[in-house]
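Scroll down for the structure; my scribbles are underneath it.
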Amino acid sequence: MIFLGTAAAECYPNPFCTCPSCELARRSSDPKLRRRRSSMLFDETMMIDFNADAMAACGDYGVALDKLDHVLITHMHEDHFDYWNAAFPLMAVNPARTLTFYTSQEGYDGLMPILEAACRLPHPQLAQQMRDMMKISRFEVMPRFEPRPIGDKVVTALPARHDGFFTNEKGFSYLIEKDGKTTLYASDTGRFFPETMAYLSKVVLDTLVIEGTFGQNILSETAGHLDRESLCLMLDTMFEQGTLTKNSRIYVTHIGHKGVYTHYDYQAYLDEHYHGQVVVAWDGLRI
Ligand SMILES: [Zn+2]
Ligand SMILES: [Zn+2]
Ligand SMILES: [Zn+2]
């Protein structure tokens, strides 16, 4: 697994922002202080979220996507899904692969009319490219709380409090089982719904990737993101109910500049509570 990006929606730094966190990141040459938008290559056949930044990240980290089949989309926000990426397999010298994008029903229902309308616009070049992308793209709707075989893995979509662009669209966290190991990728979430936390009480995680978007900027209980306190509350609850154990590997991603923390400050805060077991991820980190 490799983190292709670990930032919230605007990148870190946000190029339009002159807050002290962005200025510090901009001035620094430390790669842990600068983040592309979040996505993760789970293995060579499966990716979680596919934004514009992932294209450049693959070059930086020596990653090829020539075997990519499955893209799990957490939700329809521009930092998690950029459909234009589906144009680029068509430009490779090797035959274009079909990519299957997995989404919620509400994400699918919102996206499809937009793609279909783009195919019909009176701009021949645009319409043709959209039609070509559609030929190598499949969309599959993921059921909630229902384990589903995908390739050599079993994937379960768990609804999150975070809203996507479309009507009634809730983000998905993905539980991925492969070779007897279980990983949860939870970005963007907010505080887990009780039913999602209850489902996780039956699961023991080998690896957890969870958002920590707002850091020191403390949010309301119903917010669609986590801050340092609600992050710790989610982790503590998962430790108490046995979802996390002392053997679980835990990584925090989707870090925003509005959280004020640098990588090192955030790590120091989490070390006080978890003594090194919780790692603030950085771009290019391999697990
Ligand atoms: Zn996001
Ligand atoms: Zn900023
Ligand atoms: Zn989002």
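The values are calculated or read from the model by the stated rules, or taken from the named source; none is laboratory data. No experiment lies behind these values; they were computed from the predicted model shown. Quick reminder, even Gly has a Cβ in these numbers, built from the backbone with ideal geometry, and neighbours come from all protein chains shown. The accessibility values were calculated without ligands, DNA or RNA, using every heavy atom of the protein model including side chains. Shrake-Rupley method; radii C 1.70, N 1.55, O 1.52, S 1.80 Å.
Over segment 2-280, give the accessible area per residue in Å² for a 1.4 Å probe, as an integer. If you can, show how the numbers build up before the last one.
Numbers: 12080 Å² over 279 residues.
Value for segment 2-280: 43 Å² per residue.
Where a Cα-Cα gap under 18 Å defines reach, which aspartates and glutamates qualify for residue 32, not counting those fewer than 8 residues away within the same chain?
Result set, ordered by chain and number: 10, 23, 53, 60, 211, 265, 271, 283.
Per residue of segment 179-186, what does 6.51 cos²θ - 1.76 cosθ + 1.60 with θ = phi - 60° give for ³J(HN,Hα)? Whole Hz please, x for Gly and Pro, Karplus curve as stated.
6, x, 10, 10, 10, 10, 10, 10
Report for the chain the percent antiparallel among DSSP-assigned beta bridges with both residues inside it, nearest 5. Write out the running numbers ahead of the final one.
Numbers: 23 of 50 bridges.
Here the share of antiparallel DSSP bridges comes out near 45 percent.
Which percent of the accessible area of segment 1-75 is formed by carbon and sulfur heavy atoms (probe 1.4 angstrom)?
Carbon-and-sulfur percentage of accessible area, whole number: 58.
Could you tell me what a quarter of the Cα convex hull surface of the chain works out to, in nm² with one decimal place?
Convex hull of Cα atoms, orientation-averaged projection: 15.2 nm².
With runs of 4+ DSSP H residues as the only contributors, calculate the mean residue ellipticity of the chain at 222 nm using -39,500 (n - 2.57) per run, divided by the residue total and rounded to the nearest 500.
For the chain, the value works out to -8000 deg cm²/dmol.
For the ranges 143-152, 170-179, 82-91, what's the packing order if you count other beta-carbon atoms within 10 Å of each residue, average per peptide, and put the highest first?
Descending packing order for the listed peptides: 170-179, 82-91, 143-152.
Show which lysines lie in cross-link reach of residue 181 when reach means a straight Cα distance below 17 angstrom and same-chain residues fewer than eight apart are skipped.
Within the straight-line limit of under 17 Å, residue 181 reaches these lysines: 153, 202, 246.
Which percent of the accessible heavy-atom area of segment 129-287 goes to carbon and sulfur, probe 1.4 angstrom?
50
List the cysteines of the chain that have no other Cys Cβ closer than 4.7 Å: which are they?
So far as the 4.7 Å Cβ criterion goes, 11, 19, 58, 119, 232 stand without a partner in the chain.
Could you pull out every residue, at least 5 positions away or on a different chain, whose amide H is within less than 5 Å of the one on residue 148? Hs are placed 1.01 Å off N in the peptide plane, and Pro or chain starts have none.
When sequence neighbours closer than 5 places are left aside, the close amide H contacts are 155, 156.
Provide the gained length on full extension for the span residue 44 to residue 179, in nm with one decimal, where the gain is 0.36 nm per separating residue minus the Cα-Cα distance.
Numbers: separation 135, 0.36 × 135 = 48.60 nm, distance 1.49 nm.
Separation in residues times 0.36 nm, less the Cα-Cα distance, equals 47.1 nm.
At 20 °C and 1.002 mPa s, what whole-number value in µm²/s does Stokes-Einstein give for the translational diffusion of segment 243-287, with Rh from the Kirkwood sum over Cα pairs? Provide the component values of the computation, followed by the final result.
On the way: Rh = 11.4 Å.
Estimated via Stokes-Einstein, D reaches 188 µm²/s.
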